[in-house]
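Written below as structure tokens is the structure these notes are about.
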Amino acid sequence: MTEQTSSGRARAGATGRRRKPPAKRRRRVAIAVSGATAVLVLAGAGLGYVYLKLDGNIQGVDINAQLGTDRPKNIDNGSMDILVLGSDSRSGDNGAYGKDEGGARSDTAMVLHVYEGHKKASVVSIPRDTLVDRPACTDGRGAETPGETRAMFNTAYEVGGPACAVKTVEAMSGIRMDHYVEVDFTGFKKLIDTLGGVEITTTRAIKDTKSHLDLEPGTHTLDGEQSLGLVRTRKSVGDGSDLGRIQLQQAFMKAFIEQIKDVGVGTNPKKLLDLADAATKAITPDSELDSVQELMGFARGLTGIQAQNVHMVTLPVQYDPRDPNRVVPVEEKARQVWSALERDLPIPAAATEDTATGQADGVVK
């Protein structure tokens, strides 16, 4: 069901789907989340048993039902916004990375904006230590969690699950998220191993006791464990903050994009199916992407994007004067970022100038 805006354009209802069809060109996926979904497009051989196997891997979460209708309006301009979270849960196989304390936080958070035409995208990383006004939330069991001022961003996922993380991002940005995709530690590691590793170049040594990463300067092909160590590394690079870790994550994602785009159907179909299996086990999508058919349709809408057309930035922040271990948004500049995406425009360079960086840019290429 749709209704007309004042300009006469149809606005979609509570599902959050954009009505405009995706671009028709078929290229390899070139954004972070597409690493987990592109393999489904490439492996679409029409084998029924493969679909059943992959469908059985996917466990979705109904974000729309939990959020209801109190959300930003869906603007029908052909763009798409996806919240991508990396979960730091220590339950199950993830227990190797720390003590399971009965909860999880969003260790990594990125808002992926796909522009109209689906040939370019922007990625905005949100530091997990950002102090925000977290809205009241309802979790998956229907329990109410009150809002909180000066709450760390990553506590939204901890207290209210995926829906609360989405609601917090929508409150910060004023932009409705069309989709949600979550990747956990173990799934990420297995996906990289199935891919055969990711090649990166370090310009200086990285030795981090917490992430167990030990790399000399030079070119390396990182396996899953090393890749996970890199995206978790914090204290040993730059100023030791989460901002430096984000710079490593963004550099790794660009390398990952280059690696995944070289996998072809004709050259190694078995590897593609193995990647599809690993990818569908690695992610928890929203309920509109919780089948192979839906994920393939979603991924096809991203295949017109090449790596050089993905612009990655970090939410403009500064260190909190009251707590140097936390950061706060630079409101005017943050508004420039969100306003640009809302209007489907490029993020202006001025929006990220003279803000905290983490000082780890160029450590990984």
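Quick note: the coordinates plus some simple rules give every number you see, no bench work behind them. What you see is a predicted model, and the numbers here were worked out from it, not measured in a lab. In this analysis, Cβ positions are derived from the backbone assuming ideal geometry, glycine residues included, and neighbour counts consider all displayed protein chains.
A cut-off of 5 Å between modelled amide H atoms, ignoring neighbours fewer than 5 places along the same chain, links K261 with no other residue.
Once you reduce region 108-135 and region 209-277 to the center of their Cα atoms, the two points are 19 Å from each other. Dipole check for region 216-365: with +1 at the C-beta of Lys and Arg, -1 at the C-beta of Asp and Glu, and the Cα centre as origin, the magnitude is about 240 Debye.
The length gained by stretching the chain between R204 and D239 to full extension, at 0.36 nm per residue less their Cα-Cα distance, is 11.1 nm. The ellipsoid that matches the Cα gyration tensor of region 278-325 has semi-axes, each √(5λ) in whole angstrom, of 34, 18, 9, with the longest given first.
For V330, the residues 5 or more places off, or on other chains, whose built amide H falls under 5 Å of its own are V317, Q318.
Taking θ as phi - 60° and the Karplus parameters 6.51, -1.76 and 1.60, the scalar couplings of region 303-315 work out to 6, x, 9, 9, 4, 5, 9, 10, 9, 10, 9, 10, 3 Hz in sequence order, x denoting glycine and proline. Sequentially through region 152-166, phi angles give Karplus couplings (6.51, -1.76, 1.60; θ = phi - 60°) of 5, 4, 6, 6, 4, 5, 5, 8, x, x, x, 4, 5, 4, 5 Hz, Gly and Pro residues having no value and appearing as x. Phi angles across region 76-87 convert, under the Karplus curve 6.51 cos²θ - 1.76 cosθ + 1.60 with θ = phi - 60°, into 3J(HN,Hα) values of 8, 10, x, 8, 8, 10, 10, 8, 10, 10, x, 7 Hz, Gly and Pro given as x. Distant-in-sequence amide contacts of M312, defined by a placed amide H-H separation under 5 Å and a gap of 5 or more residues or a different chain, comprise V123.
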